[in-house]
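Engineer: Before we start, here is the structure in question, set down as structure tokens.
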Amino acid sequence: MLPIANLKDRVQEFFTYTTGRLAAIGVGATINTVINIQAEADFILEKLTYSADLAGVAQTWNGLIVPNVTVLLTATGSGNQLMNAALPLTGLFGSAFLPFILPYPRVLRANSQLQIQLVSFEAAVTPLITLNFHGRKVYNLANNLPTR
């Protein structure tokens, strides 16, 4: 694992990985997807957000959709799950207005993957869900630096 203290000599930039809008999940069904961490830099995951909608219907501040799904995250670089069991989505992801902040940042190595499994426990079809992973790309000074 990359010690956080060793970052002072490395270039860092804000970045967000996203699943994009995932298809609606049937009752009791599962969706598996993967986020590929780009080869140019390690990624330090710091915050998690989600958004959901029902076929693009407008929402109000007080009427945000909370999907009944569990989520399980696995980092392939280490082979470790980020939790011991799947959690309800809102137990790990916040809204854009109040993101879930990890108690300790998680380093995902360059050229690795973050595997995501969503399982519905809705009584009807699950809304369309987007998961966002906010943090920093960390470039090694000897490797590719971002172009400006």
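What follows draws every value from the coordinates through simple rules; no lab data is involved. The structure displayed is predicted, hence computed values, not measured ones. Cβ: placed from backbone, ideal geometry, glycine included. Neighbour counts: every protein chain shown.
Engineer: Select from 14, 121, 97 the residue whose mean-square fluctuation is largest in a Gaussian network model of the chain (Cα-Cα springs shorter than 10 Å).
Structural biologist: 97
Engineer: So how far apart, in nm, are the two label points at residue 81 and residue 12 if each is 7 Å from Cα heading toward Cβ?
Structural biologist: About 3.0 nm, to one decimal.
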